[in-house]
Amino acid sequence: LRDHLLTAIPAAASPEALEALRVEALGKQGSVTQLLKTLGKMTPEQRQSDGPRINGLREAVADAIATRKASLDRAALDARLASETLDMTLPAEAPLAGTVHPVSQVMDELAEIFADLGFAVATGPEIETDWHNFTALNIPETHPARAMHDTFYLQQGLDAKAGGTFDERATFSLLRTHTSPVQIRTMLQQQPPIRIIAPGRTYRSDSDATHTPMFHQVEGLVIDKGITLGHLKWTLETFLKAFFERDDIVLRLRPSYFPFTEPSAEVDVGYTIEKGKRVIGGSGGGWMEVLGSGMVHPKVIAACGLDPEEWQGFAFGCGIDRLAMLKYGMDDLRPFFDGDIRWLKHYGFSA
Ligand code: PHE
């Protein structure tokens, strides 16, 4: 048995053949295992002479298996290294590169266009106080516009109200429903003349194909001496021509109402139909509402500690997501926030 095993094991041609030999010798029913079992039934004298021989056989077989296994493993590794060569001349696969999201891209474009007109970029918190989002903008507590804004209120504000510690100027109690509170923060922080835009996230409890609970607006504010509606119209026209990269942009100002501007105007931009699609420019096809605007209400200027007799200005607020939809021909707002690479690719926003 010893001769058979100690010749067969070093000659095992594969890991599988070696494993078969191990089972044959050392497995539960293996020949060496069977021999070891006989030790129990031997007389003490027999055990003294056969014991060391049988145990020695078990050790010799185990050693032979380990040695053969090591050399088979080494041979397998050598074979793999020989076969797996790397062809350095093959072209590399390009890594998947991220790109700028349409909303971020439009924000960058807006900042650039307005920088050319002398506007700085201002920001404010997305969690706001009642006072900055409403009261200072001439929307007192009882004003129906508060209900129209579908505001998300925060528990800490509701708790403060219930506990009698609510301070409308200091308690951050809601998600801003528009970027207009940045008008207030800017006028409180810096002396006129002021020329800023404020792009950012805004929130309303509203959701369908053209409304998402979180959306983006850009606010514009100019405060100076002798500012008129003419300055407003020229600024918007210049901005929209640059943004849509067309000279035939036509604006229509419709009288409207916002508590924080007087007079107020809703601004429509004309479009034409080209190959069955709406294209901004001209006005043969109709009008599209793009923004709200007006002359800053004297009460708003006064709420910020400025003298409305001395300072006047205009303001506008515009949906950024809507601008992106119009510029890139998208018809549903929701995919903006799904993060689906196929959608970005379709509109040319992904590599
Ligand atoms: N804040 C207004 C809105 O969200 C837009 C607006 C801004 C109107 C500034 C006039 C002046 O609808």
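Values quoted throughout were computed directly from the atomic coordinates according to the rules given, and no laboratory measurement underlies them. These numbers come from a predicted model, not from an experiment. Heads up, the Cβs are rebuilt from the backbone with ideal geometry, glycines too, and the neighbour counts pull from every protein chain shown.
Okay, here's what the table says:
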item: GluC sites (Glu not before Pro) restricted to the range 265-351 and DSSP loop, no more than 11 other C-beta within 10 Å; result: GLU309, GLU310
item: Whole-number D in µm² s⁻¹ for the range 182-242, Kirkwood Cα-pair radius fed into Stokes-Einstein, 20 °C, 1.002 mPa s; result: 156 µm²/s
item: ARG80 paired with TYR257, simple spin-label distance in nm, labels 7 Å along Cα-to-beta-carbon; result: 7.8 nm
item: Equivalent ellipsoid dimensions for the range 113-187 as semi-axes, Å, which come from the Cα gyration tensor, largest first; result: 26, 13, 11
item: For the range 23-28, Karplus couplings with θ = phi - 60° (6.51, -1.76, 1.60), whole Hz, Gly/Pro x; result: 5, 4, 9, 10, x, 3
item: Extent along principal axes [Cα atoms of the range 1-47; Å; largest to smallest]; result: 41, 20, 8
item: Charge sum, other residues only, whose C-beta stays under 14 Å from PHE114's C-beta, Lys/Arg counted +1 and Asp/Glu -1; result: -4
item: Angstrom value of the Kirkwood radius, inverse mean 1/r, which spans all Cα pairs in the chain; result: 26.7 Å
item: Pairwise Lys count, the range 209-351 - Cα closer than 29 Å, eight or more residues apart or different chains; result: 16
item: Label-reachable residues, the range 75-91, where backbone N falls under 20 Å from a point 7 Å from SER14's Cα toward its Cβ; result: 75-84
item: Antiparallel content of DSSP bridges confined to the chain, in %, to 5; result: 95 percent
item: Cleavage-rule hits (chymotrypsin sites (Phe, Trp or Tyr not before Pro)) in the range 121-152: DSSP loop, at most 16 neighbouring Cβ within 10 angstrom; result: PHE152
item: Given charges at beta-carbon only (K, R positive; D, E negative), |dipole| of the range 225-275 in Debye; result: 120 debye
item: Acute angle (nearest 10 degrees) that the helix 44-83 long axis makes with the longest principal axis of the chain, alpha-carbon atoms; result: 40 degrees
item: Cα-based helix-to-principal-axis angle, 2-11 vs the chain, degrees rounded to 10; result: 40 degrees
item: Three-way shape call for the range 47-192 based on the alpha-carbon gyration tensor, with the a/c threshold at 1.5; result: oblate
item: Whole-Hz ³J(HN,Hα) from phi, Karplus 6.51 cos²θ - 1.76 cosθ + 1.60, for the range 89-94, glycine and proline x; result: 8, 5, x, 7, 7, 5
item: ALA120-ASP73 FRET efficiency (beta carbon distance; Förster radius 51 Å; 0.05 resolution); result: 0.15
item: Nearest-20 debye value, the chain charge dipole, Cβ charges on Lys, Arg, Asp, Glu; result: 1360 debye
item: Chain lengthening between ALA302 and GLN34 when straightened (0.36 nm per residue, less Cα-Cα); result: 86.1 nm
item: Between helix 229-244 and the chain: long-axis angle, C-alpha atoms, 0 to 90°, nearest 10; result: 30 degrees
item: GluC sites (Glu not before Pro) restricted to the range 26-101 and DSSP loop, no more than 15 other C-beta within 10 Å; result: GLU84, GLU93
item: Residues in the range 329-351 reached by a label modelled at LEU96 [backbone nitrogen below 20 Å; 7 Å Cα→Cβ]; result: 335-351
item: Potential extension, HIS4-LEU154 segment - 0.36 nm per residue separation minus Cα distance; result: 45.6 nm
item: Cα shape, the range 171-216, gyration tensor, a/c 1.5 rule; result: oblate
